[in-house]
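Engineer: Okay, here's the structure, questions in a sec.
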Amino acid sequence: MKIKISRDSSMSLHLQIYNQIRELIYLEYLPYNTTLPSERKLSELLGVDRSTVTKAYDKLKAEGLIKSHVGKGTVVKFISDYRKSAIKVVNIFDWDGFFRENNDIKYDDIIHLIMDANSNDDKIFFAGGLPSVDLFPVEDFDAIREEVFKRNLVDLFSHSPVLGVGELRYQIKDMMERYGINSSIDEIMITSGSQQGLDLIIRSFIKRGDVVLIEEPSFFGAIQLFEHIGAKIISVPMDSEGINMDVLEFLIERHSPKLIYTIPNFHNPTGTTMSLKRRSKLIELSNQYCIPIIEDDPYGMIRYGDKKMPSLKSLDYSNHVIYLSTFSKTISVGLRIGWICASKEVIKHLKNIKQITDLHVNTINQYFVSYLIKNNIYEKHIENINTGYKEKRDLMVDKLRRNFKDGDIEFIVPDGGFYIWIYFKREMDMNLFFNMAYKNKVVFTPGKYFLPKGELYSQYIRLNFTFPNIEQINRGINILSKSYYKIIDKGVN
Ligand SMILES: Cc1ncc(COP(=O)(O)O)c(C=O)c1O
């Protein structure tokens, strides 16, 4: 604060100080809430009596321009009209009124904790759906990265086609052929993970109020998307062979759904695989009632036994199946590369939506995946992770059986995929269990998130066994069982 005083002036010293501070305040060189020097300090700075400064400050106080607070000193209290009106606008600005209706995606504190814990490596993370970082073929990845960057820079750094880099689409087509899905290149598009595939399909097909049939329980990310668009979600019970087809047919007749969404291989969250008989029946119903099926297959290649099931898409004689898959579970979720295989008409439509959404998927990442496939690293890597994940699955199963008393929990041992879905037979407060485990640095996903109205699954949890390492699985299950018995034995509920 610069103040000049003149002892030659006819104006008194306190008025000179008052006038200059007043001007600084009005011009907002001293904005609202600025602390002024104490009277003693200012008198020293200006070489005047303290009473002179006191007189100047008193005058400013009398005009309401400054105010003294015990412990806080003297602060500016003036707000210009301009600022006052700006503050008014901010106060009445209500973003809620701007969001479109039905923005209420199911989200709560536990979901936030889970999402945050994901990037927090002091936690044992059983909650996600991430592949293992320990099994990355780091040297191969390095070599491929170098090879990709030898490519023409225009290829790498300019736009790629909306449907994806041509060579990757051809490779995906060949790969799917080996899994029994015959398609043409026009039937394949690359997406930013399966999540985007789902989003594009749902945005293209579903409007508010449309009925969709999903498995009960089902993938949290799909439920959120259906809720976000305002679909009426009806869930169909499953058993160890997948969706109950009698109930499905009954619901189809009753509700004329727009879509059926299913995860037939190593289902998320239950780990079950749909039987061949039910796959055939599902295709038959889809054809009979003319209802498209979304076959979401991120885990199909991650199998721990020899048994292979034909995909719905490979059984699909009427081209009603929209097939989705991803490299998120086999290579890395951060690459954000997935794909859709569907009829040309569907792909053409989705292409338009994709273009207005984000033009295309990250070009460099598409080449990275393409080179992994071209150099046979991808197939080798899948064999490798399948061996590693089987070991982790077996360990988790063994630990669960040892640590929990017979009859306290139930689960099926999945033949593939990422998850064990556990039912706790004795009633317990799941929030308390989650919080106790979380405090001890173990994070899991409570079952209620896998149904739109999740109460039915309040006694379930989903554990991921692929991401944590062997030591973490050992330690994490010990912590979970200890927390569980603490709650049960104390009768805390
Ligand atoms: C059934 C299912 N579909 C889609 C996704 C999303 O995969 P992406 O990372 O490719 O978007 C997941 C991820 O957990 C999933 O389990």
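The values are calculated or read from the model by the stated rules, or taken from the named source; none is laboratory data. On a predicted model such as this, the values are computed, not experimentally measured, just so you know. With ideal geometry, Cβ positions are generated from the backbone for all residues, glycine too; neighbour counts draw on all protein chains shown. In case anyone asks, the SASA skips ligands and DNA or RNA and just uses the protein heavy atoms, side chains included. Shrake-Rupley method; radii C 1.70, N 1.55, O 1.52, S 1.80 Å.
Engineer: Quick one: is E139 touching a residue at least 40 places away in the same chain (Cβ under 8 Å) and open to solvent by 30 Å² or more (accessible area, probe 1.4 Å)?
Structural biologist: No.
Engineer: Taking segment 85-133 as the region of interest, how many residues are surrounded by 11 or more Cβ atoms within 10 Å (Cβ to Cβ), part of a loop (DSSP other than H, G, I, E, B), more than 16 Å from the ligand (Cβ to nearest atom) and modelled with pLDDT of 75 or more?
Structural biologist: Total meeting the criteria: 1.
Engineer: Something else now. Any residue that is touching a residue at least 40 places away in the same chain (Cβ under 8 Å), within 16 Å of the ligand (Cβ to nearest atom), open to solvent by 40 Å² or more (accessible area, probe 1.4 Å) and in a helix (DSSP H, G or I) - is there at least one of those in segment 319-336?
Structural biologist: Within segment 319-336, one or more residues are touching a residue at least 40 places away in the same chain (Cβ under 8 Å), within 16 Å of the ligand (Cβ to nearest atom), open to solvent by 40 Å² or more (accessible area, probe 1.4 Å) and in a helix (DSSP H, G or I).
Engineer: Is it the case that S240 is more than 16 Å from the ligand (Cβ to nearest atom), open to solvent by 30 Å² or more (accessible area, probe 1.4 Å) and over 30 Å from G164 (Cβ atoms)?
Structural biologist: On the way: more than 16 Å from the ligand (Cβ to nearest atom): yes; open to solvent by 30 Å² or more (accessible area, probe 1.4 Å): yes; over 30 Å from G164 (Cβ atoms): yes.
Considered against the rule, which asks whether it is more than 16 Å from the ligand (Cβ to nearest atom), open to solvent by 30 Å² or more (accessible area, probe 1.4 Å) and over 30 Å from G164 (Cβ atoms), S240 comes out as yes.
Engineer: Only helices (runs of 4 or more DSSP H) wholly contained in segment 1-68 count here; list those with 3 or more residues that are of a type in the set (S, T, N, Q).
Structural biologist: Working: elements: 13-26, 39-46, 50-62.
Once the helices (runs of 4 or more DSSP H) in segment 1-68 are filtered for at least 3 residues that are of a type in the set (S, T, N, Q), what remains is 13-26, 50-62.
Engineer: Given segment 162-281, what strands (runs of 3 or more DSSP E) lie entirely inside it while holding 3 or more residues that are closer than 30 Å to L372 by Cβ and in contact (Cβ under 8 Å) with a residue 24 or more places away in the chain?
Structural biologist: On the way: elements: 188-191, 211-216, 232-239, 259-262.
Of the strands (runs of 3 or more DSSP E) lying wholly inside segment 162-281, those with at least 3 residues that are closer than 30 Å to L372 by Cβ and in contact (Cβ under 8 Å) with a residue 24 or more places away in the chain span 188-191.
Engineer: Okay, next question. Kindly check whether there is at least one residue in segment 275-289 that is open to solvent by less than 30 Å² (accessible area, probe 1.4 Å), more than 23 Å from I377 (Cβ to Cβ) and either at pLDDT below 95 or within 16 Å of the ligand (Cβ to nearest atom) (or both).
Structural biologist: The first filter runs over segment 275-289 and keeps only residues open to solvent by less than 30 Å² (accessible area, probe 1.4 Å), leaving 275, 279, 282-283, 285-286.
Among the residues that remain, those that are also more than 23 Å from I377 (Cβ to Cβ) are: 275, 279, 282-283, 285-286.
From what's left, either at pLDDT below 95 or within 16 Å of the ligand (Cβ to nearest atom) (or both): none.
The answer is no; no qualifying residue exists.
Engineer: Can you name every residue in segment 434-493 that is among the charged types (D, E, K, R) and at pLDDT below 95? Show your work before the answer.
Structural biologist: Of the residues in segment 434-493, the ones among the charged types (D, E, K, R) are 439, 441, 448, 453, 455, 462, 471, 475, 482, 486, 489-490.
Passing the criteria: K439, K441, K448, K453, E455, K486, D489, K490.
Engineer: Taking the condition away from the ligand (no atom under 14 Å from the Cβ) and either surrounded by 23 or more Cβ atoms within 10 Å (Cβ to Cβ) or within 30 Å of I114 (Cα to Cα) (or both), does R208 pass? Spell out how you get there, then give the answer.
Structural biologist: Details: away from the ligand (no atom under 14 Å from the Cβ): yes; either surrounded by 23 or more Cβ atoms within 10 Å (Cβ to Cβ) or within 30 Å of I114 (Cα to Cα) (or both): yes.
Answer is yes for this residue.
Engineer: While we're here: If H267 passes every condition in (1) more than 16 Å from the ligand (Cβ to nearest atom); (2) modelled with pLDDT of 95 or more; (3) not polar (S, T, N, Q) but one, which one does it miss?
Structural biologist: Evaluating H267 over (1) more than 16 Å from the ligand (Cβ to nearest atom); (2) modelled with pLDDT of 95 or more; (3) not polar (S, T, N, Q) leaves (1) as the failure.
Engineer: So how many residues does segment 337-376 have that are open to solvent by 70 Å² or more (accessible area, probe 1.4 Å) and either under 24 Å from F467 (Cβ atoms) or part of a helix (DSSP H, G or I) (or both)? Explain how you work it out, then say what you get.
Structural biologist: We begin by selecting, within segment 337-376, every residue open to solvent by 70 Å² or more (accessible area, probe 1.4 Å); these are 344-345, 348-349, 351-352, 355-356, 359, 362, 374, 376.
Narrowing the set further to residues that are either under 24 Å from F467 (Cβ atoms) or part of a helix (DSSP H, G or I) (or both) leaves 344-345, 348-349, 351-352, 355-356, 362, 374.
Residues that pass the stated criteria total 10.
Engineer: Among (1) touching a Leu at 6+ places or on another chain (Cβ under 9 Å); (2) modelled with pLDDT under 95, there is one condition F418 misses while meeting the rest; what is its number?
Structural biologist: Going through (1) touching a Leu at 6+ places or on another chain (Cβ under 9 Å); (2) modelled with pLDDT under 95 one by one, F418 breaks only (2).
Engineer: State which residue is farthest from M301 (Cα to Cα) when the search covers only segment 151-180 and only residues that are aliphatic (A, V, I, L, M) and touching a Cys at 6+ places or on another chain (Cβ under 9 Å). Let's see the steps before the verdict.
Structural biologist: In the first step, residues of segment 151-180 are kept if they are aliphatic (A, V, I, L, M); the result is 153-154, 156, 162-163, 165, 168, 172, 175-176.
Those left that are additionally touching a Cys at 6+ places or on another chain (Cβ under 9 Å): 172, 176.
Working: I172: 13, M176: 11 Å.
So the residue we want is I172.
Engineer: Pick from segment 187-205 the residues that are open to solvent by 10 Å² or more (accessible area, probe 1.4 Å) and closer than 21 Å to I234 by Cα: which of them is nearest to the ligand (Cβ to nearest atom)? Talk me through it step by step, then tell me what you get.
Structural biologist: Our first condition is that a residue be open to solvent by 10 Å² or more (accessible area, probe 1.4 Å); within segment 187-205, this holds for 187, 192, 194-196, 199, 203-205.
Among the residues that remain, those that are also closer than 21 Å to I234 by Cα are: 195, 199, 203-205.
On the way: Q195: 3, D199: 9, R203: 15, S204: 17, F205: 17 Å.
Only one residue tops the list, namely Q195.
Engineer: Next up: Tell me the residue from F149, F219, F250 that is over 28 Å from S275 (Cα atoms) and not β-branched (V, I, T), please.
Structural biologist: F149
Engineer: Inside segment 357-414, can you point out the residues that are on the phi > 0 side of the Ramachandran plot and more than 25 Å from the chain's Cα centre (by Cα)?
Structural biologist: Of everything in segment 357-414, those that are on the phi > 0 side of the Ramachandran plot and more than 25 Å from the chain's Cα centre (by Cα) turn out to be N376, G407.
Engineer: Right, next: So, in segment 292-308, of the ones that are in a loop (DSSP other than H, G, I, E, B) and touching a Gly at 6+ places or on another chain (Cβ under 7 Å), which residue ends up surrounded by the fewest Cβ atoms within 10 Å (Cβ to Cβ)?
Structural biologist: Among them, the one singled out is Y304.
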